[in-house]
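J.: Take a look at this one; I'll ask things after.
What follows is calculated from the coordinates using simple rules that are stated; it is not laboratory data. Since this is a predicted model, take the numbers as computed values, not measurements. Backbone-built Cβ (ideal geometry, glycine too); neighbour counts: all protein chains shown.
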Amino acid sequence: MRRGNHYIERAVELLQAGGVVAFPTETVYGLGCDAENEAAVQRIFAIKGRPTAHPLIVHLGKASEIASWSVEIPTVAWRLAERFWPGPLTVILRRSARVPDAVTGGLPTVGLRVPKHPVALALLRALGRGLAAPSANRFGAVSPTTAAHVHEDLGESVDLVLDGGPCEVGLESTIVDLSSGAAAILRPGGVSREDLEEVVGKPLPIREGGPVRSPGQFQHHYAPRAEVILTEADQLATRAEALLARGLRVAVSTSEAIVELPPKVEQIPLPEAPQDLARALYAVLREVDSLGCDAVLVTLPPEAGLGLAVADRLRRASRSGGSVVSSYPRSEGGER
Ligand code: TXA
Ligand code: MG
């Protein structure tokens, strides 16, 4: 784990030589390479185990740089950039000729974002180029919010991990598609829908699926090894009992005040305030695995502010793909 300017210089050297460097952003840790180096981009897909048809976000040091990475930029993109960058927002725009096919999986559009973390900004500004960077985890798994998570997930396969401490937002950027006339949210995230709509001046629909199968749009994604089971608060105790009766190791993680749970249950409380909840979520999902639990019962938060993104991630992490279920036996497989 590395800190300080010396490491920014080292990271820049590695990136210039086609290397792959994990770095902190305010959302989650990214796994970055020079966006214009196709071989390095391909290495990122290989390290993550991610299908090459799934596009990467290009991270930039300054909002004005979008003019060289995209074309036909609508004024709303500039307004959003001014209000939310640097910050947890990604905009999808029509790509310029500068963007390699390897980054976008051949799509006519590109995702662009100016991150806010000082280490990310220092790196981007020292490099003076775009950094293609997905979250620094294996495809389908929980995104890393500390440098230690990156080491656990990707270890030796990365050339350098820059340590910028725990991520402040804790889940990924909000993705807004501005590449066609109808603006829409493709992934709820660190900028709330309410704040975006204030700038856009009209309601922003959440577009599921769409023309691209984004990894973040897979039904089963952002998932720990343990089964994530969405549960109504008043059902937590009964559901936990039923799972324990099957010999499973069970965790309950919720912001709700729980009256009583069976003694064998691992209780991992979650904060209630949406921002704190977002920040804690991924570390809690990892803790469930490190405790060796087979299943974790969770409740969905109110879907306002960052609660929308938290609920989205919990739905995708749960094998049920979004419906509140009773209990079911652990099944094999599932996307990782
Ligand atoms: O907060 C974040 O966005 C983090 C940090 C590292 O910046 N990055 C991140 O990247 O979450 P990744 O690759 O794990 O998720 C990016 C999502 C994917 O679902 C991808 O398919 C989608 O953005 N995406 C990228 N380019 C796109 C495009 N041109 N059209 C539609 N979706 C796109
Ligand atoms: Mg990801």
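J.: Taking R0 as 51 Å, what's the FRET efficiency between ASP101 and ALA242 from their Cβ-Cβ distance, rounded to 0.05?
T.: 0.55
J.: Can you tell me, using C-alpha contacts under 8 Å and at least 6 residues apart, the relative contact order of the chain as a whole percent?
T.: 19 percent
J.: Calculate how many DSSP beta bridges within the range 49-171 are antiparallel, expressed in % of all such bridges and rounded to the nearest 5.
T.: In the range 49-171, DSSP labels about 75 percent of beta bridges as antiparallel.
J.: Another question about this same structure. For the Cα atoms of the chain, what angle does the longest principal axis make with the long axis of helix 307-317, in degrees from 0 to 90, nearest 10?
T.: 70 degrees
J.: Per the Kirkwood formula on distinct C-alpha pairs, the Rh of the range 1-43 is how many angstrom?
T.: Taking every pair of different Cα atoms in the range 1-43, averaging 1/r and inverting gives 10.9 Å.
J.: When you count, for each residue, the other Cβ atoms within 10 Å and take the mean per peptide, how do 71-82, 306-317, 22-33, 44-55 rank with the highest first?
T.: Ranked by mean Cβ neighbours within 10 Å, highest first: 22-33, 306-317, 44-55, 71-82.
J.: Which ³J(HN,Hα) values, rounded to whole Hz and listed in residue order, are derived for the range 170-180 from phi using the Karplus coefficients 6.51, -1.76 and 1.60 in 6.51 cos²θ - 1.76 cosθ + 1.60 with θ = phi - 60°, glycine and proline given as x?
T.: Couplings: x, 9, 5, 5, 6, 9, 10, 8, 10, 7, 9 Hz.
J.: List the residues, sorted by chain then number, that are 5 or more residues from SER70 or on another chain and whose placed amide H is less than 5 Å from its amide H.
T.: Result for SER70 returns SER96.
J.: For helix 38-48, report the angle its Cα long axis makes with the longest principal axis of the Cα atoms of the chain; keep it between 0 and 90° and round to the nearest 10°.
T.: Roughly 10 degrees, rounded to the nearest 10.
J.: Taking H placed 1.01 Å from N in the peptide plane, check which residues at least 5 places from GLU26 or on another chain put their amide H under 5 Å from its amide H.
T.: LYS116, HIS117
J.: List, in order, the whole-Hz ³J(HN,Hα) value for each residue of the range 124-141 obtained from phi through the Karplus relation with A = 6.51, B = -1.76, C = 1.60 and θ = phi - 60°; use x for Gly and Pro.
T.: Here the 3J(HN,Hα) series is 4, 6, 5, 6, x, 9, x, 10, 6, 8, x, 4, 8, 9, 5, 3, x, 8 Hz.
J.: Sticking with this structure for a sec: Given a Förster radius of 35 Å and the C-beta distance between SER157 and ALA182 as r, what FRET efficiency does 1/(1 + (r/R0)^6) yield to the nearest 0.05?
T.: With a Förster radius of 35 Å, E is 0.35.
J.: I've got another one for you. Does the range 1-105 classify as rounded, prolate or oblate by the C-alpha gyration tensor (a ≥ b ≥ c root eigenvalues; a/c under 1.5 gives rounded; else a/b over b/c gives prolate, otherwise oblate)?
T.: It comes out oblate by the Cα gyration axes.
J.: With the Cα gyration tensor of the chain giving a ≥ b ≥ c as the square roots of its eigenvalues, does the rule (a/c under 1.5 for rounded; else a/b larger than b/c for prolate; else oblate) give rounded, prolate or oblate?
T.: prolate
J.: From the square roots a ≥ b ≥ c of the eigenvalues of the alpha-carbon gyration tensor of the range 99-256, which class results: rounded (a/c under 1.5), prolate (a/b over b/c), or oblate?
T.: oblate
J.: Can you show me the helix-derived [θ] at 222 nm for the chain, built from DSSP H runs with n ≥ 4 at -39,500 (n - 2.57) apiece and divided by the number of residues, rounded to the nearest 500.
T.: Taken over the chain, the calculation gives -9000 deg cm²/dmol.
J.: Given labels modelled 7 Å from the Cα in the Cβ direction, how far is it in nm from GLU260 to ARG125?
T.: 5.8 nm
J.: To check you understand DSSP bridge types, tell me what percent of the beta bridges within the chain (both residues inside) are antiparallel, rounded to 5.
T.: 45 percent
J.: For VAL228, what residues show an amide H to amide H distance below 5 Å, using hydrogens built from the backbone and excluding near sequence neighbours?
T.: VAL296, ARG319
J.: How many percent of all Cα-Cα pairs in the range 114-207 sit more than 20 Å apart?
T.: Value for the range 114-207 (Cα pairs over 20 Å): 50 percent.
J.: Between GLU232 and ASP276, 0.36 nm times their residue separation minus their Cα-Cα distance comes to what?
T.: 13.7 nm
J.: With θ set to phi - 60°, apply the Karplus curve 6.51 cos²θ - 1.76 cosθ + 1.60 along the range 150-157 and write out the HN-Hα couplings as whole Hz, x wherever there is a Gly or Pro.
T.: 5, 4, 4, 7, 10, x, 6, 6
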